[in-house]
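Before any comments, here is the structure.
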Amino acid sequence: MTLSGCSALRGSDDDDKRNLERFTAEQIYKRGEYELENSRKPEDAVFYFSEVERLYPYSEWAKRALIMQAYGHHRAGEYEEARGAAQRFIETYPGDADAAYAKYLLALSYYDQIDEVGRDQGLTFQALVALREVIEEYPDTEYARSAILKFDLAFDHLAAKEMEIGRYYLKRGHYAASVNRFRVVVEEFQTTTQTPEALMRLVEAYLALGLNDEAQTAGAILGYNFQSSPFYEDAYRQLRGRGLSAEVRGESWLTNVYRQMVQGKWL
């Protein structure tokens, strides 16, 4: 860095923070960049970016500093603060080239909080909404491409939560309750990796309930779409053990799913 950059701000941290009025917006901004690159505490960089905005509001440097505040907060794991800064950027500079990145950071601040399957799924829903906005509002950007991948993973996460609850009910013999969960996966999360197991579990649950037509139909859908899956082998074994085959039988919600997924009929 030159004297016009962070070197002009060197000294004790306390001195730096008390005397920032003596420096230009560019100098303070570059000190923030220096902290991001060299400090283990991103919140130190956030301080300098915040000071740029405070001391030089409505300047070009203040605009740059605001998006860097969002980034710094996110890097520090301060997700709520990251969302706040990103949202302020979007509202203040909606037509700016960095608005797409601000929207992506906002979505990422939800996505990166998605934890193990057992946690509350509210953040997952919020991540999906925010990621979709990136995809729809900025379709030709690199952020949209990344958002699509993360959207699919978050969507799969929701389906995995339904599966976890369904397996819990199934293990305890609450077959009707488990069917309701697996049905959600098959009807609402068809494109996720959870669908083959959901169909196999439906075979298991319906056989336990004595609803052979539904069990056979679930097996037929599984066999048509995921015949190479070990879940199909399991379902086939269960059906054969009852002297049944994987074929469409009767009329049920699964019959409609078969028409849609296999025959392409949506009416």
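The values are calculated or read from the model by the stated rules, or taken from the named source; none is laboratory data. Just so it is clear, the structure is predicted and the values come from calculations on it, not from any experiment. Note that we place each Cβ from the backbone using ideal geometry, even for glycine, and neighbour counts take in every protein chain shown. Protein only, heavy atoms only, side chains kept; ligands, DNA and RNA dropped before computing areas. Shrake-Rupley method; radii C 1.70, N 1.55, O 1.52, S 1.80 Å.
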Say R0 is 45 Å: what FRET efficiency, to the nearest 0.05, do Lys171 and Glu60 get from their beta-carbon distance? 0.15
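Could you work out the mean projected area of the convex hull around the alpha carbons of the chain, in square nanometres to one decimal? List each step's numbers first, then the result.
Numbers: hull surface 74.5 nm².
Its Cα hull, projected and averaged over all orientations, spans 18.6 nm².
How would Thr191, Thr141 rank on accessible area, largest to smallest, probe 1.4 Å? Write down the numbers at each step before the final one.
Details: Thr191 125, Thr141 35 Å².
Of Thr191, Thr141, the descending order of accessible area is Thr191, Thr141.
Between Glu137 and Asn180, what FRET efficiency comes out of the Förster formula 1/(1 + (r/R0)^6) with R0 = 41 Å and r the beta carbon distance, rounded to 0.05? Write out the running numbers ahead of the final one.
On the way: r = 35 Å, r/R0 = 0.86.
Efficiency, from the Cβ-Cβ distance: 0.70.
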In square angstrom, rounded to the nearest 10, how much accessible surface does Arg237 have for a 1.4 Å probe? 130
Student exercise, the chain dipole from Lys, Arg, Asp, Glu Cβ charges, in Debye to nearest 20: 920
For the chain, take the longest principal axis of its alpha carbons; what is the angle in degrees between that and the long axis of helix 122-137, to the nearest 10 within 0 to 90? 70
Among Leu199, Leu211, Leu222, determine the one that fluctuates most according to a GNM of the chain built with springs between C-alpha atoms less than 10 Å apart. Leu211
Helix 142-171 sits at what angle to the longest principal axis of the chain, using alpha carbons and giving 0 to 90 degrees rounded to 10? 40
Residue-level accessible surface for Phe151, protein heavy atoms, 1.4 Å, Å²: 30
